[in-house]
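The next block holds one structure in the form of structure tokens; read it before the comments.
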Amino acid sequence: MLEQEIQKLISIINKSQRILLVTHRNPDGDAIGSILAMQNFLISLNKEVTSFCITKPAENFNYLQNIEDIKNDSENLKNQYDLAILLDCGDMGMTKITNKLEEIKFKFGIANIDHHHTNPKYGDINIVISKASSTAEIIYQIMRISHIKITPSIATALLTGIVTDTGNFAYRSTTKQSIETASRLLSIGADFEGISKAHVYNKTIDILKLWGIVMRRIAFNKELKMVTTALFKKDLENLNLNEEAGEGISNYLNNLSKKNKFSLLLKEYETGKVKGSLRTTRDDIDVSTIAQKFGGGGHQKAAGFEVEGKLVFNNGQWQVIKTIK
Ligand SMILES: [Mn+2]
């Protein structure tokens with residue numbers, strides 16, 4: 001079934017000339033790695049490719065070849081393409097250009113390549129594999145099936161997706177398949193050292209200080225066996241850091257023992273808005289269902305949402321309270 005969808009995508013790619021690639025806002029390593037791998041792969045097939053992400057990628061991605069090709073302004077989008085491929089987008093809204101995508105004419109429709117458990121399969125072609133560690137791992141399968149040569153730069157982009165979405169092969173999303181794929185990518189010449197430097201061993205003293213502040217705020221809800229903590233915009237300002245400094249904190253909370261059911265990091269970067277990142281290591285908890293209750297989504301073990309309100313510490317617990325406008 002899935003193999004059929006992959007074959008269908010390959011044949012549509014062969015028929016297409018102008019292809020639009022889109023990934024989600026605030027792109028992570030899987031989003032950037034997937035879009036660049038796909039872009040470089042399609043260029044090798046002599047396709048005309050536009051890569052789009054509404055947020056400019058963080059500077060630590062600069063080791064990736066052709067990163068500068070990713071457009072951030074929807075003015076750069078044409079009115080017509082043969083095909084759109086959405087990468088690592090659990091729903092179309094994650095692109096933040098849904099309206100624009102509805103306006104553009106796509107001769108062969110939209111392909112949805114993703115691994116989010118909550119993906120509603122919004123594409124005309126859907127290659128959604130929730131057990132895949134990353135979208136990059138799925139793209140590797142597509143490339144393998146299409147017998148196109150994977151260059152070292154494509155391998156580095158794909159390995160970036162696997163390394164970042166598995167937390168350097170530490171999270172439960174790490175499987176036999178993801179390690180095998182990573183091993184093949186290393187044989188092709190993927191730059192694992194460069195990836196580790198950019199995404200794992202990249203913390204400054206100020207970032208660690210910020211993490212310390214957040215760890216000191218940990219609260220435990222006995223009833224829900226939930227661990228919560230909070231991060232505020234002023235914490236970043238005091239240390240002269242940007243939002244990226246908070247990257248990884250929610251995953252770090254996941255190092256807690258399994259006596260805790262799940263962790264929740266609440267971030268108030270904007271007055272009146274709170275983002276939540278949920279993590280669990282337990283098989284009996286599905287944090288994506290919790291995130292969905294608050295209008296978000298994600299994976300069984302990692303999910304997120306955004307709500308309106310103010311983040312406060314009340315009766316030993318972090319809470320989001322509704323504010324009256
Ligand atoms: Mn991903």
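The values are calculated or read from the model by the stated rules, or taken from the named source; none is laboratory data. Values in this document were obtained by computation on a predicted structure and should not be read as measured data. Methodologically, a virtual Cβ is constructed for each residue, glycine included, from the backbone with ideal geometry; neighbour enumeration extends over all protein chains shown.
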Based on what the data block shows, is Asn238 at pLDDT below 95 and surrounded by 13 or more Cβ atoms within 10 Å (Cβ to Cβ)? no
Specify which of the listed residues (Leu266, Leu241, Leu256, Leu236) is touching a residue at least 40 places away in the same chain (Cβ under 8 Å) and either under 23 Å from Asp28 (Cβ atoms) or touching a Ser or Thr at 6+ places or on another chain (Cβ under 7 Å) (or both). Leu266
Meets criteria (over 14 Å from the mean Cα position of the chain (by Cα) and either within 13 Å of the ligand (Cβ to nearest atom) or not in a helix (DSSP H, G or I) (or both)) for Ile150: yes
Only residues in the range 303-325 that are within 27 Å of Arg282 (Cα to Cα) count as the first member; pair them with residues that are assigned to a loop (DSSP other than H, G, I, E, B), Cβ under 6 angstrom, at least 6 apart or cross-chain, and list the lot. Gly304/Gly296; Phe305/Phe294; Phe305/Gly295; Phe305/Gly296; Val307/Phe294; Val320/Gly309
Examine the range 43-60 for a residue that is within 15 Å of the ligand (Cβ to nearest atom), closer than 24 Å to Ile162 by Cβ, acidic (Asp, Glu) and not in a loop (DSSP other than H, G, I, E, B), and state whether such a residue exists. no
Helices (runs of 4 or more DSSP H) fully within the range 155-224 counting 2 or more residues that are crowded, with 16+ Cβ neighbours inside 10 Å and small (Gly, Ala, Ser): 176-188
Within the range 157-174, residues being within 11 Å of the ligand (Cβ to nearest atom) and farther than 15 Å from Ser196 by Cβ number 1
Inside the range 117-147, can you point out the residues that are at pLDDT below 95, closer than 15 Å to Ser11 by Cα and either within 16 Å of the ligand (Cβ to nearest atom) or touching an Asp or Glu at 6+ places or on another chain (Cβ under 8 Å) (or both)? Ile145
Ile104 passes all but one of the listed conditions (1) among the hydrophobic types (A, V, I, L, M, F, W, C); (2) within 30 Å of Gln300 (Cβ to Cβ); (3) at pLDDT 95 or above; the exception is number (2)
With respect to Lys310, determine if the residue is over 16 Å from Lys225 (Cα atoms), within 19 Å of the chain's Cα centre (by Cα) and of a type in the set (Lys, Arg). no
Those residues of the range 102-116 which are in a strand (DSSP E or B), within 16 Å of the ligand (Cβ to nearest atom) and not aliphatic (A, V, I, L, M) amount to Asn112, Asp114
What is the residue count in the range 1-44 for residues that are surrounded by fewer than 15 Cβ atoms within 10 Å (Cβ to Cβ) and over 23 Å from Ile188 (Cα atoms)? 9
Here the qualifying pairs (Cβ atoms under 6 Å; residues six or more apart or on different chains; first in the range 4-23 and farther than 20 Å from Lys71 by Cα; second part of a helix (DSSP H, G or I) and of a type in the set (A, V, I, L, M, F, W, C)) come out as Ile6/Ile142; Ile6/Ile145
Which condition number does Lys47 fail, the rest of (1) surrounded by fewer than 19 Cβ atoms within 10 Å (Cβ to Cβ); (2) over 23 Å from Asn126 (Cα atoms) being met? (2)
Report whether or not Ser288 is small (Gly, Ala, Ser), out of contact with any Ser or Thr (no Cβ under 6 Å at 6 or more places or on another chain) and either at pLDDT 95 or above or surrounded by 18 or more Cβ atoms within 10 Å (Cβ to Cβ) (or both). no
Say we look at the range 291-325 and pick out the residues that are aliphatic (A, V, I, L, M) and touching a strand residue (DSSP E or B) at 6+ places or on another chain (Cβ under 9 Å); which of these is surrounded by the most Cβ atoms within 10 Å (Cβ to Cβ)? Ala303
Checked the range 84-101 for anything under 19 Å from Met38 (Cβ atoms) and either assigned to a helix (DSSP H, G or I) or in contact with a helix residue (DSSP H, G or I) (Cβ under 6 Å, 6 or more places away or on another chain) (or both); matches are Leu87, Asp88, Cys89, Met92, Met94, Thr95, Ile97, Leu101
